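K.L.:
The following block contains the structure, expressed as structure tokens.
The values are calculated or read from the model by the stated rules, or taken from the named source; none is laboratory data. Please read all numbers here as calculations on a predicted model, not as lab measurements. Glycine also receives a Cβ, built like all others from the backbone with ideal geometry; neighbour counts cover every protein chain displayed. Areas reflect the complete protein model, heavy atoms only, side chains present, ligands, DNA and RNA absent. Shrake-Rupley method; radii C 1.70, N 1.55, O 1.52, S 1.80 Å.
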Amino acid sequence: MADLKSYFETHKTRFLNELLDLLRIPSVSADPRFAGDVKRMAEATAEHLRLVGADNVEVFQTAGHPIVYGEKIIDPKAPTVLVYGHYDVQPADPLELWESPPFEPVVKKTKNHPDGAIFARGACDDKGQFFMHVKAFEMMFRNNELPCNVKFMIEGEEEVGSRNLETFCLANKKKLACNVVLVSDTSIIANDTPSLTVGLRGLCYMEVEVTGPNRDLHSGVYGGAVANPINVLCQMIGSLHDKKRRITVAGFYDDVLKVSTKERKMMNNAPFDEKAYTSDLKIKEVMGEKGYTTIERTGIRPTLDVNGIWGGYTGEGAKTVLPSKAFAKISMRLVPGQEPKKIAKLFQKHFETIAPKGVQVKVTEHHGGHPVVIPTNSAEYRAAEKAMEKAFGKKPLPQRGGGSIPIVAMFKDVLGVNTMLMGFGLDSDDIHSPNEHFGLFNYYKGIETIPLFYKYYSGKK
Ligand code: BES
Ligand code: MN
Ligand code: MN
């Protein structure tokens, strides 16, 4: 692959500048005010696929944001890799916490990225990561070194639950037929410790509304005699964990598959520096379920977290009010064995049961997703492992990731194929947070590693 090396050196500055241009498009899928930018981003993605030589490039409209498709079929007998990624990004707020504007990318050095990192919303999640695949494809195709058929499917609704992707996959099964789905939307342990994500947690996302009196009341006139829905909601939320920080929702752990002592031991052999972890987050100590390490708490244990809570008066100064309503968004990360729909029902029932008579509760369900486990005894795992070993000079460790990519389970159900997660971000890259960034080392290492995956996956030594 000597040609690829020199092609890479010649074009790497352009590779970076092209990504920076894409990062200037604020393709926030959650906020309808950005719908035009999301569309522009889809078109820019399609244009890039055309530029690098992909065929049948198309922007497919959906009931929501478009899906970008492109392909290169070199040989019907060669294996086919379906690259999945997402061009949409999370909202950038709170804006005031960004050191530079979220859609004006800049390169700055950090502790974890001494060679520099690109700061922008979507740099790591997932524009920088899906674009590595476009550039890796360019390198292989332009140098006649593409050993597999490639299909790209880049969507614009991952951050809002991939609402229309299943319909698209069901309607285009033939077009999307492949041997494996390849995704770069996860992390490695560190730049000198490559890893492959072999598990993702599922998700169950609920919203609760607690109603007390039929209207806001004077907190002096009525206070003390009528249930305050915010007080009640806080108590209810407080009761959702016990002293050992286990979740109290009845039946919550019933289906959790046991992880063997051997596997737990192996997981904990991965390097983890608790001091660096706490000092990076400026916390005095970690906190979580008793009896589990931090690696286990984020990898193999389910969680329940309040994502947002509101109600009453939150404006300037003080207003003495006993609010009529209180709200919260509560998400649960699920592990293998747990079924999102079942957990949603258990949560709803539990929440209704613990509500005092003085209030009414309404529980609604948002999008969810199934947990996944990626086998390590597959051709794609071996190819990814070899590719990373060659590129990093170190064999990657299998590691379970704490985040969720709900469509991975859908790919198996609808397309009948496994997914390989070969991400290059770092957990400290602040995805979904202010000052999201992606290391230049990581971006370039990804572009270098992907062609090696294709090479080994196609059976070359
Ligand atoms: N890329 C992330 C998921 C991720 C990040 C997995 C880091 C492993 C390590 C993805 O874009 C994401 O944010 N997923 C959402 C779920 C979705 C339904 C909104 C998540 O995990 O919260
Ligand atoms: Mn992502
Ligand atoms: Mn995300």
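K.L.:
Select, from Leu203, Leu165, Leu182, Leu170, the only residue that is touching an Asp or Glu at 6+ places or on another chain (Cβ under 9 Å) and either within 12 Å of ligand 1 (Cβ to nearest atom) or under 14 Å from Ala63 (Cβ atoms) (or both).
P.N.:
Step by step, each of Leu203, Leu165, Leu182, Leu170 is checked, and only Leu165 is touching an Asp or Glu at 6+ places or on another chain (Cβ under 9 Å) and either within 12 Å of ligand 1 (Cβ to nearest atom) or under 14 Å from Ala63 (Cβ atoms) (or both).
K.L.:
Condition test on Lys243, is it in contact with a Ser or Thr (Cβ under 9 Å, 6 or more places away or on another chain), of a type in the set (Lys, Arg) and either open to solvent by 70 Å² or more (accessible area, probe 1.4 Å) or in contact (Cβ under 8 Å) with a residue 60 or more places away in the chain (or both)?
P.N.:
So Lys243 does not fit the description; no.
K.L.:
When only residues in segment 70-90 that are over 20 Å from Leu165 (Cα atoms) and either in contact with an Asp or Glu (Cβ under 8 Å, 6 or more places away or on another chain) or aromatic (Phe, Trp, Tyr) (or both) count, which is surrounded by the most Cβ atoms within 10 Å (Cβ to Cβ)?
P.N.:
Residue satisfying both the conditions and the ranking: Lys72.
K.L.:
Quick test for you: out of Asp305, Asp273, pick the one residue that is open to solvent by 30 Å² or more (accessible area, probe 1.4 Å), closer than 23 Å to Gln399 by Cα and touching a residue at least 24 places away in the same chain (Cβ under 8 Å).
P.N.:
Going through Asp305, Asp273 in turn, the sole match is Asp305.
K.L.:
Which is free of Cβ contacts under 8 Å to residues at least 24 places away in the same chain, within 22 Å of Ser184 (Cβ to Cβ) and in the same structural domain as Ala136 (by TED's automatic domain parsing), of Arg40, Arg50?
P.N.:
Checking each option against the conditions leaves just Arg50.
K.L.:
Report yes if some residue within segment 134-154 is in contact with a Ser or Thr (Cβ under 9 Å, 6 or more places away or on another chain) and within 16 Å of ligand 3 (Cβ to nearest atom); otherwise report no.
P.N.:
Among the residues of segment 134-154, at least one is in contact with a Ser or Thr (Cβ under 9 Å, 6 or more places away or on another chain) and within 16 Å of ligand 3 (Cβ to nearest atom), which makes the answer yes.
K.L.:
When only residues in segment 180-209 that are within 16 Å of ligand 3 (Cβ to nearest atom), open to solvent by less than 20 Å² (accessible area, probe 1.4 Å) and of a type in the set (S, T, N, Q) count, which is farthest from Phe130 (Cα to Cα)?
P.N.:
Taking the candidates together, the pick is Thr197.
K.L.:
Can you tell me which residue is surrounded by the fewest Cβ atoms within 10 Å (Cβ to Cβ) among those in segment 160-179 that are within 16 Å of ligand 2 (Cβ to nearest atom) and assigned to a loop (DSSP other than H, G, I, E, B)?
P.N.:
Top of the filtered list is Arg163.
K.L.:
Filter the strands (runs of 3 or more DSSP E) completely within segment 342-439 down to those with at least 2 residues that are open to solvent by less than 10 Å² (accessible area, probe 1.4 Å).
P.N.:
Ranges flagged: 419-421, 437-439.
K.L.:
With the structure loaded, tell me whether Ala250 is assigned by TED's automatic domain parsing to the domain that holds His218, touching a residue at least 60 places away in the same chain (Cβ under 8 Å) and either exposed (fewer than 14 other Cβ atoms within 10 Å of the Cβ) or in a loop (DSSP other than H, G, I, E, B) (or both) or whether it fails that test.
P.N.:
yes
K.L.:
While we're here: Here are the criteria: (1) under 29 Å from Ser428 (Cβ atoms); (2) touching a strand residue (DSSP E or B) at 6+ places or on another chain (Cβ under 8 Å). Tell me which single one Gly291 does not satisfy.
P.N.:
(2)
K.L.:
Of the conditions (1) under 20 Å from Leu415 (Cβ atoms); (2) away from ligand 2 (no atom under 16 Å from the Cβ); (3) in contact with a strand residue (DSSP E or B) (Cβ under 6 Å, 6 or more places away or on another chain), Lys77 clears all except one; give me its number.
P.N.:
(3)
K.L.:
Collect the residues in segment 147-159 that are surrounded by fewer than 22 Cβ atoms within 10 Å (Cβ to Cβ) and either within 13 Å of Pro91 (Cα to Cα) or not assigned by TED's automatic domain parsing to the domain that holds Thr45 (or both), keeping them in residue-number order.
P.N.:
Residue satisfying the conditions is Glu159 alone.
K.L.:
Still on this structure: If Val28 meets every condition in (1) more than 16 Å from ligand 2 (Cβ to nearest atom); (2) within 18 Å of the chain's Cα centre (by Cα) apart from one, which number is that one?
P.N.:
Going through the list (1) more than 16 Å from ligand 2 (Cβ to nearest atom); (2) within 18 Å of the chain's Cα centre (by Cα), Val28 breaks only (1).
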